[in-house]
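Heads up, the thing below is written out as structure tokens.
The values are calculated or read from the model by the stated rules, or taken from the named source; none is laboratory data. Treat the numbers as computed from the prediction; the structure is a model and nothing was measured. Here the Cβ positions follow ideal geometry from the backbone for every residue, glycine too, while neighbour counts run over all protein chains shown. For the accessible areas, the whole protein counts, side chains as well, though only heavy atoms, and no ligand, DNA or RNA atoms are used. Shrake-Rupley method; radii C 1.70, N 1.55, O 1.52, S 1.80 Å.
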Amino acid sequence: KTAGQFCAFWGKTQLAYIVVYILFSALGVFLSKYFFAFHLFDIASHVKTVGFVILAVQNNILKLGAAFLLLMLMIYALMLVGQSGYSGQYDFGSPTQCDPDSSIVY
């Protein structure tokens, strides 16, 4: 690519980014404060340490996925052990026993 094509591409993507940034700002002001979460990603993208973390995750995504799968299998196995070992030993009561006028403050 020539330098002119690169500048034109960068200018278009930068303009699109600014438009999305302003759009999320307006949505955050008028609809919900949760739209401001987009701005946190913008701040994080400018921090060098966060870039290193993202790079480390990208390089080891298969290993992280395998570790997560192993964790889920271990949790499932422990659930099966708990269910077979303690099934029917605890009575949690029925929902009809709950008093809606109880003194518990939420």
Of the candidates Phe36, Phe41, the one satisfying the condition of being of a type outside the set (Val, Ile, Thr), closer than 28 Å to Val20 by Cα and open to solvent by 100 Å² or more (accessible area, probe 1.4 Å) is Phe41
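Report yes if some residue within the stretch 46-54 is surrounded by 10 or more Cβ atoms within 10 Å (Cβ to Cβ) and either at pLDDT 85 or above or among the aromatic types (Phe, Trp, Tyr) (or both); otherwise report no. Steps first, please.
First, pick out the residues of the stretch 46-54 that are surrounded by 10 or more Cβ atoms within 10 Å (Cβ to Cβ): 47, 50-54.
From what's left, either at pLDDT 85 or above or among the aromatic types (Phe, Trp, Tyr) (or both): 52-53.
Yes - at least one qualifying residue is present in the stretch 46-54.
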Of Ser87, Ser103, the only residue that is of a type in the set (Gly, Ala, Ser), modelled with pLDDT under 80 and open to solvent by 90 Å² or more (accessible area, probe 1.4 Å) is Ser103
